[in-house]
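Only one structure is covered here, and it is reproduced in the block below.
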Ligand code: GLY
């Protein structure tokens, strides 16, 4: 098959990258026997990449003991619920994409949180006026029915080979024995300190003695250990009915706020029935062909698959490997701008909205939109959306509307096993620190996922498919991606970062596939994120680069964002080894591990 020329280059460059990052040797053990964080590793027997070394180690142990990629992904996710409690956990939701080596099929689980049955489009409005985002964020109103426990059950029932109870055990032990606080955990706690101190259960857990956790200290969460033990004994259904469910409903309906707090904390209307009736959804993945590869991702309710897919279809018409760096970035920014304009107009929960998923992914629609891009002149935002059902050449047909606000957060893990099964799994509690409401006595934070809904239409008179509704799933940007070549996985990746997830995944894919960057370098590359806004967010690496002036000269405009995303991925090397890759520095660096770094077992 046609392998993208730049990908060949990336594979050749890989040997050098592995040597320069020390991936040829197994990671040395850090304090307490925990493997040190390394951003890239290659070897046999399977691979795990996540943001956290203890979580990756849990996944590797499952693979080493004969578990498959799904078993390892669930165990890793449960561990992340302990060590990354502000990004993900059983109080949140996510999207699970799985490649099954036997059937060679990619399948997905939509484990997105849902709004209560009583929700209306005015959920975040008072007297017809949207409430400020922070008031929705720190409230019971923003809490959706968690989908993560049900996702684990659904994944294990379909493809797992180990019982849930066994897979939860390492995370339960981690919660009970504790993990070592690092500077990222402390900084994330500090960022939330004002909110956390208003909820006694949250402050007792995350601000021990009223202070920030000290770097190097051991952080224990016995309540979460007990909750995991209960789920292990009774199954994940225990979160949806019974005492844990009752505690969740109580915390949402009557948020456990410190009586001395001055903050307005609105209650939500989540009921026991909302929890009892929650179900994950199985749906076909999105698929686009890209330079001879098949790129699979998550269909709506996430906008990840359609938006990355549309942008790839636009970009495929240009040989990105031959462009200067500034022209490559220009095309990437413009394709992102266009596909975000279309995302805003057309993507919402397909159970409640008429979402033209197939049409958004058609090459015909991409061509009708891609011809707006000029090499010497940037488009301006907000850009009007096109109509994928009736594409008009070089045209936008609707009224332009800005992209609504979304926070940046979440976590992504990627796993491959010795049989060739792959999992790409993004999970979240929405904001860093979620709603700030810890379920008293249960050790986990509740999400604020419903704030991913538009609080009001993005522009007056413009249809917005992402308004709240009964039982509706808020539009997500999560883009867990698996890339196949001739039906076999060659790459899988994803990232946190709210709506910047889409641009991070797109930039990483094109950086690796087209620009010849080894995966770890494509992940580390300085980010740009254009989301149909007047300015494109860039990290300091681009802000301080001469590329900025070159792009400004053709009309691009920028603003700074200190850090965008925190991707992880795995790659199948031509010699049959797996390579795991993670961040070199964002969020304190990620953790890439393989089962047998030295060679075949
Ligand atoms: N809450 C982040 C996302 O769903 O994209």
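No value in this document is a laboratory result; all are computed from the given coordinates. All values derive from a computational prediction rather than experimental measurement. Counting neighbours? That spans all protein chains shown, and the Cβs are built from the backbone with ideal geometry, glycine included.
The residues in the range 526-547 that are in contact with a strand residue (DSSP E or B) (Cβ under 6 Å, 6 or more places away or on another chain) and under 27 Å from residue 400 (Cα atoms) can be counted, and the count is 7.
Any chance the range 494-502 includes a residue that's touching a residue at least 24 places away in the same chain (Cβ under 8 Å), outside any loop (DSSP other than H, G, I, E, B) and more than 16 Å from the ligand (Cβ to nearest atom)? So far as the range 494-502 goes, no, none of its residues is touching a residue at least 24 places away in the same chain (Cβ under 8 Å), outside any loop (DSSP other than H, G, I, E, B) and more than 16 Å from the ligand (Cβ to nearest atom). In the range 103-132, the residues that are at positive phi form Cβ pairs under 9 Å with partners that are surrounded by fewer than 24 Cβ atoms within 10 Å (Cβ to Cβ) and part of a strand (DSSP E or B), at six or more places apart or across chains, as follows: 104/484; 104/488. Taken over the range 61-93, the criterion of being over 24 Å from residue 226 (Cα atoms) and assigned to a helix (DSSP H, G or I) is satisfied by 63, 64, 69. Candidates are the residues of the range 294-322 that are free of Cβ contacts under 8 Å to residues at least 60 places away in the same chain and either within 25 Å of the chain's Cα centre (by Cα) or within 16 Å of the ligand (Cβ to nearest atom) (or both); the one that is farthest from residue 363 (Cα to Cα) is 306. Screening the range 471-488 for residues that are surrounded by fewer than 24 Cβ atoms within 10 Å (Cβ to Cβ) and more than 21 Å from residue 147 (Cβ to Cβ) and picking the one that is nearest to the ligand (Cβ to nearest atom) gives 484.
Tell me, please, whether a residue that is part of a helix (DSSP H, G or I) and surrounded by fewer than 24 Cβ atoms within 10 Å (Cβ to Cβ) can be found in the range 552-571. So far as the range 552-571 goes, yes, one or more of its residues are part of a helix (DSSP H, G or I) and surrounded by fewer than 24 Cβ atoms within 10 Å (Cβ to Cβ).
Take the residues in the range 385-417 that are surrounded by 20 or more Cβ atoms within 10 Å (Cβ to Cβ) and within 20 Å of residue 366 (Cα to Cα), then tell me which one is farthest from the ligand (Cβ to nearest atom). Residue satisfying both the conditions and the ranking: 396.
Restrict the check to the range 120-139 and report whether at least one residue is more than 23 Å from the chain's Cα centre (by Cα), over 17 Å from residue 413 (Cα atoms) and buried (at least 22 other Cβ atoms within 10 Å of the Cβ).
yes
Taking the condition of being assigned to a loop (DSSP other than H, G, I, E, B), more than 15 Å from the ligand (Cβ to nearest atom) and surrounded by 24 or more Cβ atoms within 10 Å (Cβ to Cβ), how many residues in the range 528-545 meet it? Within the range 528-545, residues that are assigned to a loop (DSSP other than H, G, I, E, B), more than 15 Å from the ligand (Cβ to nearest atom) and surrounded by 24 or more Cβ atoms within 10 Å (Cβ to Cβ) number 2.
Residues that are without any contact (Cβ under 8 Å) to a residue 40 or more places away in the chain and within 15 Å of the ligand (Cβ to nearest atom) within the range 437-470 are absent altogether.
With respect to (1) part of a loop (DSSP other than H, G, I, E, B); (2) closer than 30 Å to residue 92 by Cα; (3) more than 16 Å from the ligand (Cβ to nearest atom), the lone exception for residue 345 is condition (1). Restricting attention to the range 437-449, does a residue exist that is under 16 Å from the mean Cα position of the chain (by Cα) and outside any helix (DSSP H, G or I)? Yes, because at least one residue in the range 437-449 is under 16 Å from the mean Cα position of the chain (by Cα) and outside any helix (DSSP H, G or I). Among the residues that make up the range 509-519, is at least one of them in contact with a strand residue (DSSP E or B) (Cβ under 6 Å, 6 or more places away or on another chain) and in a helix (DSSP H, G or I)? Yes, the range 509-519 contains a residue that is in contact with a strand residue (DSSP E or B) (Cβ under 6 Å, 6 or more places away or on another chain) and in a helix (DSSP H, G or I). Scanning the range 421-436 for residues that are away from the ligand (no atom under 12 Å from the Cβ) and either within 27 Å of residue 72 (Cα to Cα) or assigned to a strand (DSSP E or B) (or both) turns up 421, 422, 423, 424, 425, 433. Among the residues of the range 280-293, at least one is assigned to a loop (DSSP other than H, G, I, E, B) and within 16 Å of the ligand (Cβ to nearest atom).
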